[in-house]
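Q: Quick one: structure below, then a few questions.
The values are calculated or read from the model by the stated rules, or taken from the named source; none is laboratory data. These figures come from a predicted structure and were not determined experimentally. Note: ideal-geometry Cβ built from the backbone for every residue, glycine included; neighbour counts use all protein chains shown.
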Amino acid sequence: MKKAFIFIFALLITSMTFSQEITISPETQKCFVEQVIEVPDATADVLFTKAVEWISLNYNSAQDVIQYADNNKIILKGSFGTNLFMKKGWLKHTLVIEFKDGRFKYNYTDLVYYTIEGNHDYAYESKQLGFKKKIYAETEQNILACISSMTEYFNSEQVAKNDDW
């Protein structure tokens, strides 16, 4: 019962917390999404370890996407698959995750749409990128799903494994 309550509480917090939208920085004129999320009773070391595990489970190759990792920061470069005008493409991003006891901060930056057809990169800030509303909505959904999944993973308790396998 206690685990069910914790899980439901975490989902409620998660659903209330993730109302971030893609924003343009007044200083850099670049798009980003950033937020601090509380994870009660978790040390920075535990959050870091769980983040590396989550990345390994949710990206094709953790070794390829992780660009930098130390005890309180991970920088990764990844992408979300998309279809725009029936053309396969990717929404590239840089994700910086920083850890402190009881919380972590994420920052999605360097948002770029890429398509093999035409071999083009289009920055979110580009006027050449048509139909931004669709791409923005899809990117926000992908970011929301990733952060929700990561937070749920951070809040999950490790299941004791039987060593006599």
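Q: Across the range 35-72, what is the total count of residues that are surrounded by 14 or more Cβ atoms within 10 Å (Cβ to Cβ) and outside any helix (DSSP H, G or I)?
A: Count: 8.
Q: OK, next. With respect to THR151, is the statement that it is in a strand (DSSP E or B), more than 13 Å from PHE80 (Cβ to Cβ), among the β-branched types (Val, Ile, Thr) and at pLDDT 80 or above true? Show your work before the answer.
A: On the way: in a strand (DSSP E or B): no; more than 13 Å from PHE80 (Cβ to Cβ): yes; among the β-branched types (Val, Ile, Thr): yes; at pLDDT 80 or above: yes.
Criteria not met by THR151.
Q: With the condition kept exactly as written, say whether any residue in the range 13-23 is under 14 Å from the mean Cα position of the chain (by Cα) and modelled with pLDDT of 85 or more.
A: Checking the range 13-23: not a single residue is under 14 Å from the mean Cα position of the chain (by Cα) and modelled with pLDDT of 85 or more.
Q: Okay, moving on. In the range 98-131, how many are among the small types (Gly, Ala, Ser), in a loop (DSSP other than H, G, I, E, B) and modelled with pLDDT under 85? Don't jump to the end; show me each part of the working.
A: The first filter runs over the range 98-131 and keeps only residues among the small types (Gly, Ala, Ser), leaving 102, 118, 123, 126, 130.
Still in the running and in a loop (DSSP other than H, G, I, E, B): 102, 118, 126, 130.
This time we only want the ones that are modelled with pLDDT under 85, so: 118, 126, 130.
So the answer is 3.
Q: Can I ask one more? Looking at TYR114, is it in contact with a Lys or Arg (Cβ under 6 Å, 6 or more places away or on another chain) and either surrounded by fewer than 17 Cβ atoms within 10 Å (Cβ to Cβ) or aliphatic (A, V, I, L, M) (or both)? Walk me through it before giving the result.
A: Working: in contact with a Lys or Arg (Cβ under 6 Å, 6 or more places away or on another chain): yes; either surrounded by fewer than 17 Cβ atoms within 10 Å (Cβ to Cβ) or aliphatic (A, V, I, L, M) (or both): yes.
In short, yes.
Q: Check GLN63, GLN67 and return the single one that is closer than 23 Å to THR139 by Cα and of a type in the set (S, T, N, Q). Don't jump to the end; show me each part of the working.
A: Details: GLN63 fails: closer than 23 Å to THR139 by Cα.
Selected residue: GLN67, the only one of GLN63, GLN67 that is closer than 23 Å to THR139 by Cα and of a type in the set (S, T, N, Q).
Q: Mind counting the residues in the range 49-69 that are at pLDDT 90 or above, in contact with a strand residue (DSSP E or B) (Cβ under 9 Å, 6 or more places away or on another chain) and under 18 Å from LEU144 (Cα atoms)?
A: Residues meeting the conditions: 2.
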